[in-house]
Amino acid sequence: MRQARSRGERGISPVFLGIAAVMAVSGWAVWSGFASDAGFAVFLFVVSGWVVSLCLHEYAHARTALHSGDITIGDKGYLSLNPLKYTNAALSVVLPVIFVIMGGIGLPGGAVFIERGRIRGRWRHSLISAAGPLTNVLFAVLLMLPFMLGAIGSWPQTFLVALGFLAFLQVSAAFLNLLPIPGLDGYGIWEPWLPYNFRRQVEPFAPFGLIATFGVLYIPAVNEKFFDGVYHVMRWFDVPDVAVEYGYWLFRFWKH
């Protein structure tokens, strides 16, 4: 019989609840027009929503790992949705938020430490890696559904463009994280199926995969193709490009 749940499994962290509360209150302020500075309200809504998505991303990895055989996940506190419990809170939360503020791009966040040796079966390893980006995909779809269901013209415009920009961050994060580059979840999906010698040779480069990806994104031709792809996906859900761009403009309230 399984023992009582550890402290890491007992409930949702007050830290996460606080972040979610900021998202809810700032979202209400944007919706109602209550805020004296709409840009600042959009900024709070998008940043808190982005951090919520990072927490859900890492939770998906952790929960899938737990059900795949890593029973140490709960003791590490990963199931509480507390971002301060991650292996490196700076890489997991602070750096992605800085990238959003500076460049309006969804940087994949960080890291829950999974004891892969406890997990048997290549499919399980692949599923653990896929769980995080799939959470971003699901979050993006939920954010874009109002556009697809005809909310333009009936919902407050400022709230819709904030949703559009937050959805843009989710789609861009999913695109980046699904790239088959060492250090990203996309590579983690394929890694269990690759030859052992190849994996050993690639392993030292994993910590630099994300940095290299962003370096390549600074190449104008690559940057253009990447964002064209993101916008193209969002058009499937009837999200206008201008909604994302206006949302980003409002988000950068300190510029105007």
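Only one of (1) surrounded by fewer than 21 Cβ atoms within 10 Å (Cβ to Cβ); (2) out of contact with any helix residue (DSSP H, G or I) (no Cβ under 7 Å at 6 or more places or on another chain) fails for Leu210. Which number is that?
It is condition (1) that Leu210 fails.
Would it be correct to say that Ala35 is modelled with pLDDT of 90 or more, hydrophobic (A, V, I, L, M, F, W, C) and out of contact with any Asp or Glu (no Cβ under 8 Å at 6 or more places or on another chain)? Let's see the steps before the verdict.
On the way: modelled with pLDDT of 90 or more: no; hydrophobic (A, V, I, L, M, F, W, C): yes; out of contact with any Asp or Glu (no Cβ under 8 Å at 6 or more places or on another chain): yes.
Taking the combined requirement at face value, the residue does not satisfy it.
What's the number of the only condition in (1) open to solvent by 10 Å² or more (accessible area, probe 1.4 Å); (2) more than 13 Å from Ala111 (Cβ to Cβ); (3) among the charged types (D, E, K, R) that Asp70 fails to meet?
Just one mismatch for Asp70, condition (1).
Step by step: first the residues of the range 8-48, then only those that are in a helix (DSSP H, G or I) and hydroxyl-bearing (Ser, Thr, Tyr), then the one that is nearest to Ile73 (Cα to Cα). Which residue is that? Before you say what the answer is, go through the steps one by one.
Let us first name the residues in the range 8-48 that are in a helix (DSSP H, G or I), namely 8-9, 14-32, 38-48.
This time we only want the ones that are hydroxyl-bearing (Ser, Thr, Tyr), so: 26, 32, 48.
Details: Ser26: 32, Ser32: 41, Ser48: 25 Å.
Looking at the filtered set, the residue picked out is Ser48.
Only one of (1) assigned to a helix (DSSP H, G or I); (2) open to solvent by less than 20 Å² (accessible area, probe 1.4 Å) is not met by Ile105, so which one is it?
For Ile105, the exception is condition (1).
Identify the residue in the range 183-204 that is part of a loop (DSSP other than H, G, I, E, B) and open to solvent by 40 Å² or more (accessible area, probe 1.4 Å) and, among all such residues, is nearest to Ala65 (Cα to Cα). Spell out the reasoning first.
Initially, the range 183-204 is screened for residues part of a loop (DSSP other than H, G, I, E, B), giving 183-184, 194-195.
With open to solvent by 40 Å² or more (accessible area, probe 1.4 Å) added as a condition, the list becomes 183, 194-195.
Values: Gly183: 18, Leu194: 20, Pro195: 23 Å.
My answer is Gly183.
For the range 133-162, what are the residues that are aliphatic (A, V, I, L, M), out of contact with any Phe, Trp or Tyr (no Cβ under 8 Å at 6 or more places or on another chain) and open to solvent by 10 Å² or more (accessible area, probe 1.4 Å)? I'd like the intermediate steps shown before the answer.
From the range 133-162, those aliphatic (A, V, I, L, M) are 134, 137-138, 140-145, 148-149, 151-152, 160-162; that's our starting set.
Then keep just the ones that are out of contact with any Phe, Trp or Tyr (no Cβ under 8 Å at 6 or more places or on another chain); that gives 134, 137-138, 140, 142-143, 149, 151-152.
Across the range 133-162, the qualifying residues are Leu134, Val137, Leu138, Leu142, Leu143, Leu149, Ile152.
The values are calculated or read from the model by the stated rules, or taken from the named source; none is laboratory data. Note that the coordinates shown come from a computational prediction; the quantities given were computed from them, not determined experimentally. Ideal geometry is used to build each Cβ from the backbone, glycine not excepted, and the neighbour counts take in all protein chains shown. Calculation scope for accessible area: heavy atoms of the full protein, side chains included, ligands and nucleic acids excluded. Shrake-Rupley method; radii C 1.70, N 1.55, O 1.52, S 1.80 Å.
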